[in-house]
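Visitor: Following this message is one structure expressed as structure tokens.
The values are calculated or read from the model by the stated rules, or taken from the named source; none is laboratory data. For clarity, every value in this text was computed on a predicted model and none was experimentally measured. Neighbour counts are summed over all protein chains in view; Cβ atoms, including those assigned to glycine, are modelled from backbone coordinates with ideal geometry. Ligands, DNA and RNA are stripped out before the accessible areas are found, and what is left, the full protein with its side chains, is counted by its heavy atoms. Shrake-Rupley method; radii C 1.70, N 1.55, O 1.52, S 1.80 Å.
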Amino acid sequence: MPNRDLTPSTPAEAGLSSAGLAAIDAYLQGLVDEGRAAGYVTLAARHGRVAHVSTIGKKDIASGEPMAADTMFRIFSMTKPVTAVAMMILHDQGLWSPDDPIEKHLPAFAGARVFGGMGENGQPILTAADQPPTLRHLLTHTAGLTYGREPMGGLERLYEAADVWRSADLAEMAAKLGGLPLAYQPGTKWIYSLAMDVQGAIIEKLSGQTLPAFMQEKIFGPLGMADTAFHTPPEKKGRLATLYRTSKSRGLVALEGNPLLPDHDRVPALASGGGGLISTAGDYARFAQMLANGGEFAGKRIVSTAAVKQMMTNQLSDEMLQAGYGIGLQQLRPGFGFGYNGVVFTDPDKAGVPAGLGTYHWDGAAGTWFWVDPANDLIFVGMVQLLSETAPACQATTQTLMADAILQEAHS
């Protein structure tokens, strides 16, 4: 069997065209030149061979320091697929089933009630849940949870009153969430939520380890992801890219701190399985290649092939995909479904993006993105640090450009 451990190669050896990869670089360079982003780091690999690593623009505009291959990034929600793998490791051990009620593992979720608005007396109107939310619901954003930050008829005030975001640890956060009403009947809607943070609490309970310790032992260590963690050690802080936001009047504005999650310099007690990781393009490529390899990398089995297949299989009904759910640039639709903690392409033509059938992907709040394309035996990782409601659609655009690169090679 050929080596599939991200060995360096030429584009041609990896089955990609240099011209196609150059078109991706040109697109991202154009965004930097237009002042829409400070800089990017990308990595493309096919057949387990690294065809291209690109560093474009600046890690920090004020100092002029350029992006480097080992620059570190807050990957926010690209943490979610890692959490899914952590869950599947425990699934391989027989410790949970998708149809388990959440309350089996977290008793605070027993007796689930559904929010029906606020009554005239200022108290929430609650009804009993038709069914208990399950782990499958939790892995697919259909359990009835939210992030508690968007207006939802007063439910957001209950989240705020529970002080969910200022919990001491994941067990406390999950206990608070379990005591809150659900936003909808489990399994009937898709709402982006704190579900992956609840998964983190389940991982801690089932493993007897903290989420950071479990991921380090079972994922980061074996994969050689030396710069991936829930914190940035002081000796590595200089490698962390500056986080920017978009200002209509001032363009790119550097942020002093992280407005979404704290930047930690040591392992945090509350580690967000939904958005807390720091990583590099090279590290995350190892994770992505492990998925492409069916759960193993460099001779080390991380998770079973069956578990990877389950994770990368659409779990939503056709009706759910036609209902207009989504978050940011990830708008669910026919052909563009959802597996465990990430999107799955079930029909690229219907989805309107020429990724390979079965492609699994997700992105992060600061613009980072990745995908694993089993049909084309391809992975791609893109890193940037840009918080913007008008961020360019880098994932869909680079997927389209990459399809051209594969076709050029295939037909040459």
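For every residue, the table says whether it meets (1) buried (at least 20 other Cβ atoms within 10 Å of the Cβ); (2) under 19 Å from the mean Cα position of the chain (by Cα); (3) at pLDDT 95 or above; (4) at positive phi.
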| site | (1), (2), (3), (4) |
| --- | --- |
| Ala62 | no, no, yes, no |
| Pro66 | no, no, yes, no |
| Val85 | yes, yes, yes, no |
| Ile89 | yes, yes, yes, no |
| Ala108 | no, no, yes, no |
| Val114 | no, no, yes, no |
| Glu120 | no, no, no, no |
| Pro132 | no, no, yes, no |
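Visitor: Name every residue in the stretch 1-58 that is part of a strand (DSSP E or B) and open to solvent by 40 Å² or more (accessible area, probe 1.4 Å), in order of residue number. Spell out the reasoning first.
Guide: Looking only at the stretch 1-58, we keep the residues that are part of a strand (DSSP E or B), and these are 7-8, 39-46, 49-58.
Correct list: Thr7, Pro8, Arg49, His52, Val53, Thr55, Lys58.
Visitor: Name, by its number, the condition in (1) farther than 24 Å from Gln322 by Cα; (2) surrounded by fewer than 20 Cβ atoms within 10 Å (Cβ to Cβ) that does not hold for Asp197.
Guide: It is condition (2) that Asp197 fails.
Visitor: Would you be able to say whether some residue in the stretch 348-360 is in a strand (DSSP E or B), at pLDDT 95 or above, buried (at least 18 other Cβ atoms within 10 Å of the Cβ) and within 18 Å of the chain's Cα centre (by Cα)? Break it down stepwise before answering.
Guide: At the first step, the residues of the stretch 348-360 found to be in a strand (DSSP E or B) are 360.
Cutting the leftovers down to at pLDDT 95 or above gives us 360.
Next, only the ones that are buried (at least 18 other Cβ atoms within 10 Å of the Cβ) stay: 360.
Those still in the list that are within 18 Å of the chain's Cα centre (by Cα) too: 360.
The answer is yes; a qualifying residue exists.
To keep it simple, each residue is scored yes or no on (1) assigned to a loop (DSSP other than H, G, I, E, B); (2) β-branched (Val, Ile, Thr); (3) open to solvent by 20 Å² or more (accessible area, probe 1.4 Å).
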site	(1), (2), (3)
Ser249	yes, no, yes
Leu260	yes, no, yes
Asp263	yes, no, yes
Arg266	yes, no, yes
Ala269	yes, no, yes
Ser272	yes, no, no
Arg286	no, no, yes
Met290	no, no, no
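Visitor: Within the stretch 178-204, take every residue that is of a type in the set (D, E, K, R) and part of a helix (DSSP H, G or I) and give me the one that is farthest from the chain's Cα centre (by Cα). Give the derivation first.
Guide: Step one: filter the stretch 178-204 for residues of a type in the set (D, E, K, R), giving 189, 197, 204.
Going one step further and asking which of them are part of a helix (DSSP H, G or I), we end up with 197, 204.
Values: Asp197: 12, Glu204: 19 Å.
Within the stretch 178-204, the match that is farthest from the chain's Cα centre (by Cα) is Glu204.
Visitor: Within the group Ala22, Ala12, Ala38, which residue is among the aliphatic types (A, V, I, L, M) and closer than 23 Å to Pro259 by Cα?
Guide: Values: Ala22 fails: closer than 23 Å to Pro259 by Cα; Ala12 fails: closer than 23 Å to Pro259 by Cα.
Going through Ala22, Ala12, Ala38 in turn, the sole match is Ala38.
Visitor: While we're on this one: Quick check: is even one residue across the stretch 311-334 within 29 Å of Val50 (Cβ to Cβ), outside any loop (DSSP other than H, G, I, E, B) and at pLDDT 95 or above?
Guide: yes
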